[in-house]
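The values are calculated or read from the model by the stated rules, or taken from the named source; none is laboratory data. Here the structure is a predicted model, which means the values were calculated and not measured. Note that each Cβ is placed from the backbone with ideal geometry, even for glycine, and that neighbours are counted across all protein chains shown. Surface areas here come from the heavy atoms of the whole protein model, side chains and all, with no ligands, DNA or RNA. Shrake-Rupley method; radii C 1.70, N 1.55, O 1.52, S 1.80 Å.
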Amino acid sequence: MMTDLLSKLQTPTKLQTPIVATLAEKQQESPGIYTLHLALETNSSFDFAFGQFNMLYLFGLGEVPISIMGWQHDLLLHTIRAVGRVTQPLVALDIGAQLGLRGPFGQGWPLRQLEGLDLVFITAGLGCAPVVAAIHYAVENRSKYGRIVILQGVKHHNDLLWQPQYERWRDLGDCQVLLAASEEKKRKYHWRLGMVTELLALAQFDSSHCAVLMCGPEIMMLAALKQLAKHQVSDKSVYLSLERNFQCGHGSCGHCQLGPYFVCKDGPVFHYPQIKSWFGLAGV
Ligand SMILES: Cc1cc2nc3c(=O)[nH]c(=O)nc-3n(C[C@H](O)[C@H](O)[C@H](O)COP(=O)(O)OP(=O)(O)OC[C@H]3O[C@@H](n4cnc5c(N)ncnc54)[C@H](O)[C@@H]3O)c2cc1C
Ligand code: FES
């Protein structure tokens, strides 16, 4: 009995054991931001939902949660901003270097359930990977959704990653792209000065038949929620992707608790009514 228990404790589960990934390609998106294209040792395709994340492990240094941007030509895509101890050496890896990968973890956007609705994407800052991945999916499955509205805020025009892609989205049928720069003094063509939440006044969508998908700083999402209520968008139409300090990534360590939820396991994408009582409160 005791031996059984010990063997359970000592055998790392699939969730805890990283698989080996090899850096096959690396693309610089802007200063300090890179997309890594990873080949997995398994060789089989990698099943995931947009909005889920992987834990990327740099041997001897540590692990970080990173959203899944896509799966292209048998390679897994992660866009990483170098901010600290693990992400800086991660983006500095040379082609052919190996790292550990656990995942996919968490709940992604319920994109299938949202078919037929207008989709409104709201994101700010550089932490836009989960929303951008969902936009890619909606664009590739254009006929399944109503109008697409993309609201993106950054501090400076040049902070916007993947600018050509936003231009392409603007040219899609029935797609509105609104961009805001909060710390610019001079207005540029197609841009507005101010916060992303101010763009909601210009957005055209059916508030009674829409889904709003948001990620970014929580202060921005709280402001957007107030604006959405003014536009008669019901809480039930809103989904948020949250970030916390993750350790295990699968609901075992408690580091990412939000009220009764673990953000890593029950999120990072939440239906807003599910977390409304806790979202924005300090210390929960
Ligand atoms: C679900 C989820 C998905 C994420 N997806 C991406 C992604 O696609 N691309 C990406 O570049 N980053 C993503 N992040 C953020 C990324 O995990 C952190 O930037 C990373 O953990 C920082 O680790 P570090 O060791 O490099 O930095 P550290 O040395 O630990 O910290 C450096 C600085 O970054 C701040 N920081 C650390 N962790 C976070 C965090 N989670 N959020 C905000 N600030 C943080 C610290 O306060 C410190 O100021 C995601 C985080 C979560 C929770
Ligand atoms: S990171 Fe361990 S419970 Fe969420």
Please tell me if residue 146 is touching a Gly at 6+ places or on another chain (Cβ under 7 Å) and either open to solvent by less than 10 Å² (accessible area, probe 1.4 Å) or not hydrophobic (A, V, I, L, M, F, W, C) (or both). yes
Pairing a residue in the range 82-96 that is within 16 Å of residue 37 (Cα to Cα) with any residue that is open to solvent by 100 Å² or more (accessible area, probe 1.4 Å) and within 16 Å of ligand 2 (Cβ to nearest atom), where Cβ atoms lie under 7 Å and the two sit 6 or more apart in sequence or on different chains, gives none
Is there any pair linking a residue in the range 228-246 that is open to solvent by 50 Å² or more (accessible area, probe 1.4 Å) to one that is within 16 Å of ligand 1 (Cβ to nearest atom), with Cβ under 6 Å and at least six apart or on different chains, and which? 244/256; 244/263; 245/255
Look at residue 212 and say whether it is touching a helix residue (DSSP H, G or I) at 6+ places or on another chain (Cβ under 7 Å) and in contact (Cβ under 8 Å) with a residue 40 or more places away in the chain. yes
Under the condition of being open to solvent by 60 Å² or more (accessible area, probe 1.4 Å) and farther than 21 Å from residue 129 by Cβ, which residue from the range 263-276 is nearest to ligand 2 (Cβ to nearest atom)? 274
Could you tell me which of the residues 221, 214, 195 is within 16 Å of the chain's Cα centre (by Cα) and either open to solvent by 30 Å² or more (accessible area, probe 1.4 Å) or at pLDDT below 95 (or both)? 221
Which of (1) among the hydroxyl-bearing types (Ser, Thr, Tyr); (2) within 16 Å of ligand 2 (Cβ to nearest atom); (3) surrounded by fewer than 17 Cβ atoms within 10 Å (Cβ to Cβ) is the odd one out, the single condition residue 45 does not satisfy? (2)
Show me the strands (runs of 3 or more DSSP E) entirely contained within the range 174-246 in which 1 or more residues are within 16 Å of ligand 1 (Cβ to nearest atom), of a type in the set (Phe, Trp, Tyr) and within 28 Å of residue 68 (Cα to Cα). 238-241
Residue check, residue 58 against (1) in contact (Cβ under 8 Å) with a residue 40 or more places away in the chain; (2) within 19 Å of residue 216 (Cα to Cα), all met but one. Which one? (2)
Which ones in the range 65-80 are surrounded by fewer than 21 Cβ atoms within 10 Å (Cβ to Cβ) and within 14 Å of the chain's Cα centre (by Cα)? 69, 70, 77
Could you please give the count of residues in the range 40-87 that are of a type in the set (D, E, K, R) and assigned to a loop (DSSP other than H, G, I, E, B)? 4
Is it fair to say residue 230 is at pLDDT 90 or above, away from ligand 2 (no atom under 16 Å from the Cβ) and within 16 Å of residue 203 (Cβ to Cβ)? yes
Residue 139, sole failed condition from (1) part of a helix (DSSP H, G or I); (2) more than 15 Å from residue 118 (Cβ to Cβ); (3) touching a helix residue (DSSP H, G or I) at 6+ places or on another chain (Cβ under 7 Å): (2)
Pair list, Cβ under 7 Å, 6 or more apart: the range 263-283 residue touching a residue at least 40 places away in the same chain (Cβ under 8 Å), other residue among the small types (Gly, Ala, Ser) and within 14 Å of ligand 2 (Cβ to nearest atom): 264/106; 264/249; 264/251; 265/106; 265/251; 267/106; 268/106
So, of the residues in the range 251-284 that are small (Gly, Ala, Ser) and over 16 Å from the mean Cα position of the chain (by Cα), which turns out to be farthest from ligand 1 (Cβ to nearest atom)? 277
For the range 247-262, which residues satisfy the criterion of being within 22 Å of residue 214 (Cβ to Cβ), open to solvent by 60 Å² or more (accessible area, probe 1.4 Å) and not in a strand (DSSP E or B)? 260
